[in-house]
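The values are calculated or read from the model by the stated rules, or taken from the named source; none is laboratory data. All figures in this text were calculated on a predicted structure; none of them were measured in a lab. Heads up, the Cβs are rebuilt from the backbone with ideal geometry, glycines too, and the neighbour counts pull from every protein chain shown.
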Amino acid sequence: MYCRRENKQPRYSSNIRGGLDFSCLLDDSVSSVHKLAMSDTETSQHLDRDRKISGESKDLFLKQIACAAPDAPKRNRVRLFLSLFSLGLSMFVTALDVLIVGTIIDTVCNSFGDYTKSGWIVTGYSLPNALFSLLWGRLSTLLGPRISVVSCIILFETGSLISALAKSMNMLIAGRVVAGIGGSGLQTLSLVIGCQLVDEKSRPLVLSLLNCTFAVASIVGPFLGGAFTTHVTWRWCFYINLPIGGLAIAIFIFFYNPEGVNLVEKSRKTFKKFLSFHPADTFPKQVLHQLLFGFDVVSFALFTAGWLLFLLAFTFGGQTHPWKSGIVISFIIVGVLLIVLSLIYDFKIFELIKTKESFRPLLSWRLMSQRTILLANLTGFFSTVAYNVQMIYSVQFFQLVYGFSAWKAGLHLIPILVSTVVFSIASGVLTKKTGHIKPLLVFGSAMGVLGGGLMTLLNNTSTKHTQIGVLILPGVALGFVLPSALIACHVQLDKTNSSYGADMLETTSVNALLKSLGTTLGSILSTMIFSTSMHNKMKRSGLSSEEYNSLDGIASYRMDHFDGPRSEMGYMLSNSIKNTFWMALGSSAIAFLCSILTSKRKIAM
């Protein structure tokens, strides 16, 4: 394997053909890892030559000597593999947390006697997971990727521990919020670091493999959730995150070191600098200035408050307050206004008041206004909405309608989970081999529409073959769409632009934001649809027993007094869940329309 020299290439358009073994890496930071793998004599010789070279020639020179080192490729492949493995493990544990929870919602709600807040078991994690994904990119530039990733894992583990020890539904949701903040950084930074470790041609495969951790967690999660709930306790669904996260921290700290610094020495110097720090009189002003422009906290506060009010309105509506009540209507109106104000601030006001040209808003109009990037992100967003609804209510369908245990309900998700894993890998391989993105995006979205239509056939009289068959295509859809949507955004960026690195970070953060918002919105809206449908059907049925006065009572009574899938209650539950599948179908249809309009641009071959 060798590196081919490309003369007179701009920094970000260099195309070093290193092959699938990743022995030749594109990123400057990884070049320093190669140099560490050389002997001391070789390193000093090359460093002497480095001093005589500057600008773009130096960047190209570093890449070439990295590939020329005789021992570097083998050692660096191990370092690269373990770095990617730790990133994959981090993404796995965050995905596991989401998917394992999907199988225990009914059990947890029954344990605390509070089914009306069931949507917030998922939303409490996914909402901060979405919103903080924008900030973690900024924090990583300040703290560095290593400290940022470790901080994210610690936050995530803390939230998991709080959830495991929860004494009430509110405490559980609080733990989910903390875990969501940490999980947002892990998902965003893992994708960014993974993309930076390899060249553009290899990124689809790396992204597919990283996204496959989500699919693997999809397989393992329901099994573990069902096993823990049925045979031990649902609290182990959160305890399991602790050892996995600890392993991810250990591997990442020891093997991700692109700067080539001595970790002990760096930690000692950082701690010494912290102890000797004495803030100047201007320190508060500097902090405020950095918060306002470096982190764009005004837009973040408006955006966060807006989404929180908007989702609370759909949580309260039809449950604790009528839809026509003042609090529900005001929450919707104020929430939408705050979201719009945050966009106006970022797109217009921020550019007028920023004090340095280098300051960037959280959401840049220059990137967000690009039609192809917007459409690719919307395709991923609506596909995620559909998939999340189908996952959550497939589990609840088998538990509430058929009376299955959490373990047995999880087993029925094997078709959708296996298809997600297989076709996510297939998507990455096809993109790397052909360079095409749009055909895979359109095909995946089309499968989402077809699969969403088949899901509406699921009812309380379905045969076992139907129960298995209808769950395959939704997994095929997400497997193709998830990695392709992000790659479709990346190929639109100008690699010769000096802000390419920042643009890539922002694009990845926005993509993660929309996927997480899709999970959040899908959970809240589907819960609202299911709740409203059940209330309406209960009124028409004339059932007036005390057990049926609330969804809490319905779920609890159904689990304790199961009377078969074809009973009157079985029909009502089946039809109410079917309405959520219709919502998922509509979301898949929108994703398909967006995918048709995306760009035909290919990756560099």
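What about Gly479, is it buried (at least 19 other Cβ atoms within 10 Å of the Cβ) and part of a helix (DSSP H, G or I)? Show your work before the answer.
Values: buried (at least 19 other Cβ atoms within 10 Å of the Cβ): yes; part of a helix (DSSP H, G or I): yes.
The answer is yes for Gly479.
Where in segment 93-191 are there helices (runs of 4 or more DSSP H), lying wholly inside it, with at least 3 residues that are over 21 Å from Trp307 (Cβ atoms) and hydroxyl-bearing (Ser, Thr, Tyr)? So that I can check it myself, show each step before the final result.
Working: elements: 105-112, 119-131, 133-143, 145-164.
Per the criteria, 145-164.
Could you tell me which of the residues Val442, Val449, Val389 is of a type in the set (Val, Ile, Thr), touching a residue at least 40 places away in the same chain (Cβ under 8 Å) and under 24 Å from Ala217 (Cβ atoms)? Walk me through how you get there before you give the answer.
Working: Val442 fails: under 24 Å from Ala217 (Cβ atoms); Val449 fails: under 24 Å from Ala217 (Cβ atoms).
Exactly one residue qualifies, and that residue is Val389.
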The one condition in (1) hydrophobic (A, V, I, L, M, F, W, C); (2) in contact with a helix residue (DSSP H, G or I) (Cβ under 6 Å, 6 or more places away or on another chain); (3) under 30 Å from Gln286 (Cβ atoms) that Val421 fails to fulfil: (3)
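Take the residues in segment 152-183 that are more than 20 Å from Ala250 (Cα to Cα) and of a type in the set (Ser, Thr, Tyr); name whichever of them is surrounded by the fewest Cβ atoms within 10 Å (Cβ to Cβ).
Step one: list which residues in segment 152-183 are more than 20 Å from Ala250 (Cα to Cα), which gives 162-178, 180-181.
Right, trim to of a type in the set (Ser, Thr, Tyr) and you get 163, 168.
Working: Ser163: 29, Ser168: 11.
Result: Ser168.
So, Lys464, is that one in the same structural domain as Leu127 (by TED's automatic domain parsing), surrounded by fewer than 24 Cβ atoms within 10 Å (Cβ to Cβ) and without any contact (Cβ under 8 Å) to a residue 60 or more places away in the chain or not?
yes
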Evaluation of Ile603 against (1) over 24 Å from the mean Cα position of the chain (by Cα); (2) outside the structural domain of Leu478 (by TED's automatic domain parsing); (3) not small (Gly, Ala, Ser) (one fails), failing number: (1)
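Out of curiosity, is Leu374 farther than 30 Å from Ser574 by Cβ, among the hydrophobic types (A, V, I, L, M, F, W, C) and in contact (Cβ under 8 Å) with a residue 12 or more places away in the chain?
On the way: farther than 30 Å from Ser574 by Cβ: yes; among the hydrophobic types (A, V, I, L, M, F, W, C): yes; in contact (Cβ under 8 Å) with a residue 12 or more places away in the chain: no.
So Leu374 does not fit the description; no.
One residue is enough: does segment 331-341 have a residue meeting the conditions in contact with a helix residue (DSSP H, G or I) (Cβ under 6 Å, 6 or more places away or on another chain) and under 27 Å from Ser499 (Cα atoms)? It would help to see each step written out before you state the result.
Pass one, segment 331-341, residues in contact with a helix residue (DSSP H, G or I) (Cβ under 6 Å, 6 or more places away or on another chain): 331-332, 334-335, 338-339, 341.
Within this subset, residues satisfying the condition of being under 27 Å from Ser499 (Cα atoms) are 339, 341.
Checked segment 331-341: at least one residue is in contact with a helix residue (DSSP H, G or I) (Cβ under 6 Å, 6 or more places away or on another chain) and under 27 Å from Ser499 (Cα atoms).
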From the options Leu417, Leu375, Leu430, residue that is at pLDDT 90 or above and either among the hydrophobic types (A, V, I, L, M, F, W, C) or under 24 Å from Ser133 (Cβ atoms) (or both): Leu375
So Gly452, is it within 13 Å of Ser588 (Cα to Cα), assigned to a helix (DSSP H, G or I) and not charged (D, E, K, R): yes
